[in-house]
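The values are calculated or read from the model by the stated rules, or taken from the named source; none is laboratory data. Keep in mind that this is a model prediction, so the values were computed, not measured. Note: ideal-geometry Cβ built from the backbone for every residue, glycine included; neighbour counts use all protein chains shown.
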Amino acid sequence: MNAAPASNAAAHAPVETVQVALEDRSYPIVIGRGVATDPARIAAHLKPGRAALVTSEVVGALYLEPVAAALAAAGVEAVPVVLPDGEQHKNWQVLNTVFDHLIEQRCDRRTPIIALGGGVIGDMAGFAAATWQRGVPFVQIPTTLLAQVDSSVGGKTAINHPQGKNMIGAFHQPMLVLADTALLDTLPDRELSAGLAEVIKYGLIRDTAFLDWLEPNLPRLLARDPAALAHAVRRSCEHKAEVVAADEREAGLRETLNLGHTFGHAIETGVGYGSWLHGEAVAAGTVLAAELSARLGWLDESDVGRVRRLFALARLPVDPPAMPIERWIDLMGHDKKVRGGRIRLVLMQGLGRAVTTGDYDPAALQATLALAAGHG
Ligand code: NAD
Ligand code: GLY
């Protein structure tokens, strides 16, 4: 890990833009080194004025100053809102402190809220933007790989309930995403791996060619090779943009982006928020989804092996923590995909083909969880 904060915009680094096509709520995802500290790029998208800049203590210490300086040079005065760091703070109490700041600083309906941080900050600042004065403009500056490839795009915002992940939230699209890959230079290795879980997810759901690219390139990604990272972020954002444009409110296709998440959210809630990282829980959860898919005869055992290998190569956990089966079922029963008490799951009918279904043999789920719990 390199501890030096990003320098100002790398003038000649390639910058790519992926568009999220949502009619009057369309927006660009601008990807490249230095895009969040480049006043010209900011000025191209944001009007001069004030903006609330929501960040965490950890990310703020690294990037609040250079980002606020770039905003100032673009004519945007940043009002900083610094929150405690981590998943365990993604709750009502901390969200309320954001509203306290917005009131104190007299932020109005035209004051954009900018999220500078990982998925936790993005989800909380986004929910604040969705609800403050019934909705204000929102900008995402994601600083983790996970946030750059997934959470900053698509408009899902939320906080956790003690009994369930992301239970309280809203859809609120950003007007701009600045995915500055230079900010990843300071990301801890464990967080980089967690982000790779969501990258691998796109391949497993809908893009076997991407899987074929990922397998030999995971070492380059772990080594933070800039070209490999840029490719992974762009390809992931293309997938996310395509799915969100087709199904913004998760009526069907978008549910498949939840591969591994019903198991994963149960892990996160079950072990206590912040203990397993979201990406780690998604990795172990996706292996369970693959194992259940194989048990149902939908996926070859050799493909389950490949799923395990991919996550292991990305230095992610492939086995879940020990939890009694009743606890698994109870936690999974709170999932947002549950319909009429039936746990619907995203499973695989072959690699690259994810489906959401409640039509599976519950005994197969029990058997998969029993094996995971060491009772099989
Ligand atoms: P996170 O926001 O907790 O960030 C991880 C850690 O990395 C934090 O400690 C943070 O301070 C640190 N960090 C962030 N950027 C850094 C940088 N550039 N340099 C050094 N340290 C840095 O975790 P995350 O993995 O980014 O996000 C996980 C959250 O995202 C979960 O709450 C999950 O539910 C949510 N999520 C939301 C969506 C969505 O569509 N809204 C999608 C996926 C995940
Ligand atoms: N992270 C899943 C989604 O945005 O739908």
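Restricting attention to the range 221-246, the residues being more than 16 Å from ligand 2 (Cβ to nearest atom), surrounded by fewer than 16 Cβ atoms within 10 Å (Cβ to Cβ) and part of a helix (DSSP H, G or I) number 1.
Selection of strands (runs of 3 or more DSSP E) fully inside the range 1-64 by the criterion of at least 2 residues being touching a Leu at 6+ places or on another chain (Cβ under 6 Å) and modelled with pLDDT of 95 or more returns 27-32, 49-56. When Leu214 is tested against (1) crowded, with 24+ Cβ neighbours inside 10 Å; (2) more than 30 Å from Arg33 (Cα to Cα); (3) away from ligand 1 (no atom under 16 Å from the Cβ), exactly one condition is not met: (2).
The set of residues in the range 123-168 that are surrounded by fewer than 24 Cβ atoms within 10 Å (Cβ to Cβ), part of a strand (DSSP E or B) and more than 7 Å from ligand 1 (Cβ to nearest atom) comprises Ile159, His161, Gly164, Met167, Ile168.
Table: residues versus (1) of a type in the set (A, V, I, L, M); (2) over 19 Å from Asp361 (Cα atoms); (3) assigned to a helix (DSSP H, G or I).
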site: Phe263; (1), (2), (3): no, no, yes
site: Gly270; (1), (2), (3): no, yes, yes
site: Gly285; (1), (2), (3): no, no, yes
site: Asp303; (1), (2), (3): no, yes, yes
site: Asp330; (1), (2), (3): no, no, yes
site: Val346; (1), (2), (3): yes, no, no
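Scanning the range 261-280 turns up at least one residue that is farther than 14 Å from Asp335 by Cα, touching a helix residue (DSSP H, G or I) at 6+ places or on another chain (Cβ under 7 Å), within 12 Å of ligand 1 (Cβ to nearest atom) and at pLDDT below 95. Pick out the one residue from Arg249, Arg306 that is away from ligand 1 (no atom under 16 Å from the Cβ), at pLDDT 95 or above and either surrounded by fewer than 22 Cβ atoms within 10 Å (Cβ to Cβ) or hydroxyl-bearing (Ser, Thr, Tyr) (or both). After applying the criteria, what remains is Arg306. Beta carbons closer than 7 Å, at least 6 apart along the sequence or on distinct chains, pair a first residue in the range 16-31 that is basic (Lys, Arg) with a second that is outside any strand (DSSP E or B) and surrounded by 15 or more Cβ atoms within 10 Å (Cβ to Cβ) for Arg25/Gln173.
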